[in-house]
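Q: First the structure, which I've put down as structure tokens, then a few questions once you've had a look.
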Amino acid sequence: MTTWTNWAGNQSCHPAEVAAPRRPDEVVAAVERAHARGIPVKALGAGHSFTGVAATDGLQLSLDGLSGITHVDREQRRVRVLAGTPLHVLNPALHALGLALPNLGDIDRQSVAGAISTGTHGTGIRLQGIAAAVSGLELVLADGSVLACSAEVEPEVFQAARVGLGALGVITEVELQCVPAFRLHAKEFGADLFEVLERLEEDVERHDHVDMHWFPLTDRVLVKHNDRVPDGETGTPLPRWRAALDDDLLSNRLFELTNRGASRWPAVVPRLNAVSARLLGAREYTDDSWRVFVAERKVRFRESEYAVPRAAVTEVVLAVRSWLERHRAPLTFPLEIRFIGADDIWLSTAYQRENAYLAIHQYHRMDDHGAFAAFEAIVAEHEARPHWGKLHTLGADRLRELYPRFDDFVAVRDRLDPQRRFANAYLDHVLGR
Ligand SMILES: Cc1cc2nc3c(=O)[nH]c(=O)nc-3n(C[C@H](O)[C@H](O)[C@H](O)COP(=O)(O)OP(=O)(O)OC[C@H]3O[C@@H](n4cnc5c(N)ncnc54)[C@H](O)[C@@H]3O)c2cc1C
């Protein structure tokens, strides 16, 4: 029996069949086969979701082989890419064309289709998540038929499928609206949590991308401000040795060792966090946007992330801080705080709302001591919408209240997949059967 586990190791399943199509017509054939056998189908990206969104006991379609750019429209700055293309392949390929995605998350291991399907986002209040860059896509439906959609063609399917949770069909190709390649100036520094909160509104407006890592049980925050560099200005990238020291040695290798230590002696966590917060010191550099956005994350963890209305961020952070101080929960990873502008995608966490995103993490070998549940209870008071790929417990009843177009999404699902061939336990929970 095949056993699949996700990146974090907290989700697993036993697919009845695994297929790895290399072309869209092979996806069609695999879906038709599953249809004939009467088993469900689930497309798999890079397995980087923390929820069971990608799990299946039916046909698992690994789309690693469906990779690459298939068409470039230089005038419109649009590219068509195969659905399984990993972002770390896409980004340099776009760069070679003088193009880039307007915004990215903090890693590049995900597939394009996987990233958009759960609403993957980065940070920047004047920007949106990755799915907002999608201008069209192609889906293989449960009976093997192929449906193309865009803002003009099948617009309702388009609104549903950009953040479609894998519930509507298998995406084989995605069209992306790119921007001219650009460079970012990165400024990173340690700061006091309360000082950061005091000037947060101003910073979020002033900088293109604001990202903060707050070390639990300390009041230290690692702040990252990334700003677009005017055309023609090149700036200086990080020296190779500095990137290796910060990103490989400190953020990954040493961090793995300290986490292993923490899992044996949780009492040292507050002191460890204080040291970690100081080790990652100030730095400033300029590089291509995609190189600045992403980092390598080798230390495994579990994560929950919620979007709250932007104005609620300080109240939420202070409530989480107060809970952590009272319970001394030994979380070894920083909480991350980011910001994203509103979009119009039905199941996007940013649907018609400017958001602050708060993410809580714990090392994969350590218990969270109730912190995730407490975090969820705190954000619940602020109309919080969970990231579809990160741990949460909300079900269809509550999600229907949080998403004004929830029933429209379900109507598209009823039309495209009435027999629920693309369902799994997670989708039954969050969308209903
Ligand atoms: C270390 C780490 C860092 C992360 N950083 C960020 C971040 O900065 N911002 C953020 O928002 N999220 C982040 N995430 C979450 C991650 O971006 C999402 O969970 C994303 O969905 C993972 O992409 P994937 O390719 O691994 O998809 P998978 O997890 O494999 O699949 C996700 C969903 O997409 C569906 N899917 C995949 N391919 C297709 C297809 N071809 N057709 C239809 N459906 C498909 C799957 O069925 C499933 O429902 C991070 C996760 C990790 C582990």
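Every read-out reported here was derived from the displayed coordinates using simple, explicitly stated rules and does not represent laboratory data. Everything numeric in this text was worked out from a predicted model, so none of it was measured. Here the Cβ positions follow ideal geometry from the backbone for every residue, glycine too, while neighbour counts run over all protein chains shown.
Q: Starting from the exponent 0.38 and prefactor 2.2 Å, build the expected Rg for the chain from its residue count and divide its actual Cα Rg by it. Could the numbers behind the result be given before it?
A: Working: Rg = 21.1 Å, N = 433, 2.2 N^0.38 = 22.1 Å.
Normalised by 2.2 N^0.38 Å, the Cα Rg of the chain equals 0.96.
Q: I'd like the orientation of helix 87-96 relative to the chain: the angle between its Cα long axis and the longest Cα principal axis, in ° from 0 to 90, rounded to 10.
A: 90
Q: Quickly estimate the mean residue ellipticity at 222 nm for the chain, helices only: each DSSP H run with n ≥ 4 gives -39500 (n - 2.57), and the total goes over all residues, rounded to 500.
A: On the way: 15 runs with 129 residues, N = 433.
Mean residue ellipticity at 222 nm (helix-derived): -8500 deg cm²/dmol.
Q: Can you tell me the relative contact order of the range 183-386? Whole percent, Cα pairs under 8 Å, sequence separation 6 or more.
A: Value for the range 183-386: 26 percent.
Q: Another question about this same structure. Which whole-number percent gives the relative contact order of the range 302-420, counting Cα pairs below 8 Å spaced six or more residues apart? Don't jump to the answer; show the numbers that get you there.
A: On the way: 166 pairs, mean separation 42.6, N = 119.
Dividing the mean separation by the residue count of the range 302-420 yields 36 percent.
Q: In degrees between 0 and 90, to the nearest 10, how far off the longest principal axis of the chain does helix 255-264 point, with axes built from Cα atoms?
A: On a 0 to 90 degree scale, this one is about 80.
Q: Now, a different point. For a test of the definition: using alpha carbon positions, the gyration tensor, and the 1.5 limit on a/c, classify the range 248-369 as rounded, prolate or oblate.
A: Numbers: a/c = 2.01, a/b = 1.32, b/c = 1.52.
Verdict is oblate for the range 248-369.
Q: Could I ask something else about it? Restricting to lysine pairs 8 or more places apart or on different chains, what number in the chain have Cα atoms under 24 Å apart? Walk me through the numbers on the way to the answer.
A: Details: LYS42/LYS390; LYS187/LYS224; LYS187/LYS298; LYS224/LYS298; LYS224/LYS390; LYS298/LYS390.
The result is 6.
Q: Compute the label zone of ASP407 within the range 416-433: residues whose backbone N is under 19 Å from the point 7 Å along Cα-to-Cβ.
A: 416, 430-433
Q: When only C-alpha pairs under 8 Å and at least 6 residues apart count, what is the relative contact order of the chain, in percent? Write out the running numbers ahead of the final one.
A: On the way: 945 pairs, mean separation 77.5, N = 433.
For the chain, the relative contact order is 18 percent.
Q: Now for a separate question. For the range 183-386, just say rounded, prolate or oblate: build the C-alpha gyration tensor, square-root its eigenvalues into a ≥ b ≥ c, call rounded for a/c under 1.5, and beyond that prolate if a/b exceeds b/c, oblate if not.
A: Working: a/c = 1.77, a/b = 1.09, b/c = 1.62.
Oblate.
Q: Any idea how far the Cα center of the range 332-352 sits from the one of the range 221-281, in Å?
A: 23
Q: Towards the positive end of the charge dipole of the chain, with charges on Cβ (+1 Lys, Arg; -1 Asp, Glu), say which of LEU358, PRO266, PHE189 has the farthest Cα.
A: Of LEU358, PRO266, PHE189, it is PRO266.
Q: So for the chain, taking the charge dipole from beta-carbon charges (+1 Lys/Arg, -1 Asp/Glu), which of GLY9, ALA380, THR314 sits furthest toward the positive end?
A: So the residue we want is GLY9.
Q: Quick one: check the C-alpha center-to-center distance for the range 116-165 versus the range 174-205, whole angstrom.
A: Their Cα centres are 25 Å away from one another.
Q: For the residue pair LYS298 and ASP192, what label-to-label distance in nm results when each label sits 7 Å from Cα along the Cα-to-beta-carbon direction?
A: Each label point lies 7 Å from its Cα, and together they span 3.6 nm.
Q: With angles folded into 0 to 90 degrees, how steeply does helix 269-279 sit against the dominant principal axis of the chain? Use alpha carbons for both and round to 10.
A: Roughly 90 degrees between the two axes.
Q: Assuming a ≥ b ≥ c are the square roots of the Cα gyration tensor eigenvalues, decide whether the range 66-119 counts as rounded (a/c under 1.5), prolate (otherwise, with a/b larger than b/c) or oblate.
A: Details: a/c = 1.72, a/b = 1.43, b/c = 1.20.
Prolate.
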